[in-house]
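Down below is the structure, laid out as structure tokens.
The values are calculated or read from the model by the stated rules, or taken from the named source; none is laboratory data. This is a predicted model, so every value here is computed, not measured. Counting neighbours? That spans all protein chains shown, and the Cβs are built from the backbone with ideal geometry, glycine included. The accessibility values were calculated without ligands, DNA or RNA, using every heavy atom of the protein model including side chains. Shrake-Rupley method; radii C 1.70, N 1.55, O 1.52, S 1.80 Å.
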Amino acid sequence: GICCIRSHASHPSYFLTSSYDETVKVWDKRNVTRPLVIHEVATGGGVWRADWWSKDPSLVLAACMYGGCKAISLDLSQGKMEVAAEYKGHE
């Protein structure tokens, strides 16, 4: 199931979802039949929370069940996402 839904502050038609299936997806409200970008977060568990970083709208911060915290870099024009940084200090 979906754990989190967050709107994008700079692009009001975009929002992201995070879910128990280990994915962060970026959607366009004008076409919700398929996501703009899908990123498979290799966490071994779901993504509890995700949110756009207020200082850089091309980054998503994600709290993952077994994978710690991740900063995910977005390139919406290319339809790409990648993990830019991660923290697993609480294992």
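For this structure, a couple of remarks:
- Here the simple spin-label model places points 7 Å from the Cα toward Cβ, and for residue 77 and residue 51 these points are separated by 2.8 nm.
- Neighbourhood net charge (9 Å Cβ-Cβ; Lys/Arg +1, Asp/Glu -1) for residue 69: +1
- Protein heavy-atom accessible surface, 1.4 Å probe, per residue over the chain: 61 Å².
- Summed residue charge, Cβ within 13 Å of residue 36's Cβ, Lys/Arg positive, Asp/Glu negative: +3
- Taking amide H as placed 1.01 Å from N in the peptide plane, residue 84 has its amide H under 5 Å from the amide H of 71, 72, 73, each at least 5 places away in sequence or on another chain.
- Phi to ³J(HN,Hα) by Karplus 6.51 cos²θ - 1.76 cosθ + 1.60 over segment 18-35, Hz, x for Gly, Pro: 10, 8, 5, 7, 6, 10, 10, 10, 10, 10, 10, 4, 6, 8, 8, 6, 8, x
- Within the chain, longest stretch clear of exposed chymotrypsin sites (Phe, Trp or Tyr not before Pro) (DSSP loop, no more than 15 other Cβ within 10 Å): 21-65
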